[in-house]
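Since the structure comes first, as structure tokens, the remarks are kept for the end.
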Amino acid sequence: FRHDNVRRIDIQLTPQDLVNPQSGSDLEITRYNDAGVSQGRVATIRRNTGEITVEKGLGIGVQSYDALHPTVMLEVNSTTKGVLLPRMTTTQRNAMSSPPDGLLIYDTTVNKLSVRAAGTWLYVTATP
């Protein structure tokens with residue numbers, strides 16, 4: 001789908017759309033400049049697995065896709081909204097199988113951010 005005045009595209013897929021290999025090919029998302037010229041593939045959604053491959057960083061609320069730094073995978077820009085991390089209890093957090101270092105969650109049991117580091121969970125705390 002492409003339209004000259006569209007800056008936002010909403011795509012709704014059912015799980016069957018993603019995992020049924022008989023339903024068609026992978027979904028490729030391509031970026032176009034203001035002149036309608038393709039600037040290359042932005043992302044691919046694999047139908048057989050639902051895996052999303054991002055070719056360049058993903059920008060949400062950014063002014064220019066071209067301004068994304070090449071080392072950035074995700075940039076979120078807003079002056080009125082924030083990012084909501086997954087929320088779970090300590091028991092639910094501890095039940096995760098082999099969580100990777102760097103994983104962030106909000107622990108609702110203690111009402112603190114929790115980060116996985118060196119194979120253990122740490123709470124993010126502030127000191128006055």
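The values are calculated or read from the model by the stated rules, or taken from the named source; none is laboratory data. Computed from a prediction, not measured in an experiment: that's the story for all the values here. With ideal geometry, Cβ positions are generated from the backbone for all residues, glycine too; neighbour counts draw on all protein chains shown.
Observations
- Being of a type in the set (A, V, I, L, M), modelled with pLDDT under 75 and over 30 Å from THR120 (Cα atoms) is not true of VAL62.
- Strands (runs of 3 or more DSSP E) completely within segment 22-128 that count 2 or more residues being touching a strand residue (DSSP E or B) at 6+ places or on another chain (Cβ under 9 Å), of a type in the set (Val, Ile, Thr) and surrounded by 14 or more Cβ atoms within 10 Å (Cβ to Cβ): 38-45
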